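Notes to accompany the following structure.
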Amino acid sequence: MKVALVHDWLTGMRGGEKCLEVLCELYPDAPVHTLVHNRGSMSPLIESRRIVTSFIDRLPGKVTKYRSYLPLFPMAMEMMDLTAYDLVLSTSHAVAKNAKVRPGALHICYCHTPMRYVWEMYGQYFGPETASLPVRAAMRTVRPFLQSWDVHTSSRVHYYIANSENVRRRIQRYYRREAEVIFPPVDTDRFTLSRSDEGYFLMVTALVPYKRVDLAIEHFNRTGERLVIAGKGPETERLRGMAKGNIEFLGWRSDEELALLYRGCTALIFPGEEDFGIVPLEAMATGKPVVAYGKGGALETVVDGVTGVFFPEQSAGSLASAMQRLRSFRPDPEAIRRHALRFSRPHYKERMQEFIRDKVRQHLL
């Protein structure tokens, strides 16, 4: 079978790109079709693939402002020519799942979430605190169209895989489709058990609104404790402007540098609501506890009082209470790492290969 991979955009190595990387290993001859590719931003494995981009990749400001072209995403995805392929595997949190395949071809989607920009996280991206008045006005017009298109074209997928039970419920709610749950891969072999503590708390995150980095900054501004933030994004300058001198912004770091950051931290801070969340498991694979907002994917990875602590509200006060709880129990680094090993990369690869083979067999019968 001729196989194609479809991914929303290639602009940095985050959780979704790590899922794509495994598919690149399983299908080394498959090209990657995507809206935007910022060359050099991906792992060597993904960069070595033949990458086919949309017209958005040639628009002004695409390197950092590609999300501004959100209203054009449906058109760009519809224009992608996948007629040569028998099997299309999409990894999607926006529009990759809506790719058009030829009659008779099979489309399997690994879904990180239905399009978060127009569904459950619309307020975080286009609320008064994060979007200008003209942008909010435009999105009030565009959002109903995007929602309608997203639901209508969701039928192009033959089989959905959800990255968590949390996302499986969203797929059922918005698309009225069932999905198999296969947790994303955590490269646990990159991390080793650490008992060291260099006295700083850590965030590893894209600097976008729904990650709620602002909550952590507000808390650490008040306490004066050291916070290290590895990551970048459209919120970088705003968040830097909020932060005091005890908060350090590192930008994106290599895998080797991140492993060292995890090893030296006291705990990982995770204040956003995630679809799943690979970063907490990377911290736990190092034996470090996680302070997480108790909603979404974190409920499926963090064990409250064992591998970390939850806070129930997205507020600095609620985070402060969780930090106090963290100091009241002694985490066991070995137990934390054992828990993380349940989400290893080989396990994900085996489950994905088994699922795809099974559906291909059914499709050919």
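Quick notes on this one:
- Centre separation in Å (Cα based) which lies between segment 217-277 and segment 157-206: 19
- Net length available on complete extension from L250 to V360 is 35.2 nm, with 0.36 nm assigned per residue and the Cα-Cα distance removed.
- Reach of K100 by Cα under 18 Å, taken over lysines that are not fewer than 8 positions away in the same chain: K2
- Cα→Cβ-extended label distance, 7 Å offset, between E350 and S68, nm: 4.8
- Label-point separation, Q324 to D304 (7 Å along Cα→Cβ), nm: 1.7
- Comparing G251, G305, G241 in a Gaussian network model of the chain where C-alpha atoms under 10 Å apart are linked, the largest mean-square fluctuation is found at G241.
- Once the chain from A137 to Q172 is taken as fully extended at 0.36 nm per residue, the excess over their C-alpha distance is 9.6 nm.
- Using 0.36 nm per residue and subtracting the Cα-Cα separation, the extra length available between D81 and E129 on full extension is 13.4 nm.
- Summing charges over all other residues whose Cβ lies under 12 Å from the Cβ of D214, with Lys and Arg as +1 and Asp and Glu as -1, gives +1.
- Pairwise centroid distance, computed over Cα atoms, of segment 16-40 with segment 82-154, Å: 19
- Net charge, P289 excluded, C-beta distance under 12 Å - Lys, Arg +1, Asp, Glu -1: +2
- Cβ charges +1 (Lys, Arg) and -1 (Asp, Glu), total dipole of the chain, debye: 620
- Helix-only mean residue ellipticity at 222 nm for the chain, each DSSP H run of n ≥ 4 adding -39500 (n - 2.57), per residue, nearest 500: -11000 deg cm²/dmol
- Cα extents for segment 232-338 along the principal axes, largest to smallest and rounded to whole angstrom: 37, 33, 27.
- Under 5 Å from the amide H of D275 lie the amide H atoms of G297, each residue being 5 or more positions distant or on a separate chain, with H modelled from the backbone and absent for Pro and chain starts.
Each reported figure results from applying straightforward, stated rules to the coordinates on display, with no laboratory input. Remember, it's a predicted structure, so these values are computed and weren't measured experimentally. Cβ: placed from backbone, ideal geometry, glycine included. Neighbour counts: every protein chain shown.
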